[in-house]
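These notes are about the structure you will find just below.
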Amino acid sequence: MISLESAAVRPVRDRVFFTTMAAIILVVIFVGFAPSYYLRGVLPAPHPYETLSPVVMLHGLVFSAWVILFGVQASLVATNRVAVHRQLGKIGMVLIAIMIPLAVITALQGVDRPFSRPPGIPGLTWLAVPLLDVPVFGGLIIAALAFRRTPAIHKRLMLIAMIDLLQPALGRIPDPAWLPVALSPLQTLVFLLPLIVWDLFTLKRIHPATLWGSVVIAAVMFTVPLIWTSPAWLAFAGWAHGLIG
């Protein structure tokens with residue numbers, strides 16, 4: 001039987017964990033985008049950067065607004081200001097409605113921006129990374145909003161969506177010398193481990209939201225390299241890129 005004391009302590013521990021994860025995510029995103037966006041021209045560039053187009057600038061502003069809102073929302077829950085959290089959630093819905101199509105347009109324009117992707121990978125090939133990930137991020141956020149009255153599911157799906165959003169930031173941070181290049185894209189999956197361990201520690205099982213959210217992210221990450229050079233994908237990518245031409 002769970003004691004009243006442990007039942008009372010668990011929500012506090014939950015708030016500390018999810019707020020800490022939110023803070024880590026914000027730091028990683030800032031560090032990743034500092035040289036190319038937030039502190040562009042202040043920090044030395046590790047490699048050449050493309051000129052910031054109006055679309056990229058807008059994408060960065062909306063993206064940053066979402067990241068800041070995520071951090072604020074996590075702190076509001078941690079301080080038990082749930083009513084304010086729910087009101088600000090309406091702003092989040094508006095931002096997501098803007099972010100998803102804007103992310104697609106930015107990705108399509110990125111085909112013509114060679115410095116925005118790893119060297120040696122053609123633009124139409126690399127387009128698989130953002131175009132296949134946008135539905136994952138958007139789907140996780142929509143699912144989280146659908147379960148906003150079920151905190152255990154809502155907060156896990158939101159956290160997993162933000163972990164998925166770490167991919168571009170992590171891709172801009174120089175890899176450790178000991179990390180094989182082939183494993184570099186999988187760094188994002190490491191950030192899922194604390195949530196899995198937390199579930200096992202507090203629930204004695206992996207929460208279904210954690211399990212399925214993690215499976216979706218991993219499945220897409222492993223699928224992209226299998227299809228991104230296929231004739232079918234390149235034909236689709238060329239067609240999609242032509243829409244903005």
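The set of residues from the range 187-202 being of a type in the set (A, V, I, L, M) and open to solvent by 60 Å² or more (accessible area, probe 1.4 Å) comprises V190, L193, V197, L200.
For the range 46-94, filtering for residues that are assigned to a loop (DSSP other than H, G, I, E, B) and either within 29 Å of P119 (Cα to Cα) or in contact with a His (Cβ under 9 Å, 6 or more places away or on another chain) (or both) leaves 8. Identify all residues within the range 164-180 that are open to solvent by 40 Å² or more (accessible area, probe 1.4 Å) and either modelled with pLDDT of 95 or more or not in a loop (DSSP other than H, G, I, E, B) (or both); write none if there are none. Selection gives Q167, P168, G171. Inside the range 108-143, residues that are open to solvent by 50 Å² or more (accessible area, probe 1.4 Å), over 17 Å from P231 (Cα atoms) and not in a loop (DSSP other than H, G, I, E, B) make up a count of 6.
The values are calculated or read from the model by the stated rules, or taken from the named source; none is laboratory data. Owing to the predicted nature of the structure, the values given are computational and were not obtained by experimental measurement. Glycine gets a Cβ as well: all are built from the backbone with ideal geometry, and neighbour counts include every protein chain shown. For the accessible areas, the whole protein counts, side chains as well, though only heavy atoms, and no ligand, DNA or RNA atoms are used. Shrake-Rupley method; radii C 1.70, N 1.55, O 1.52, S 1.80 Å.
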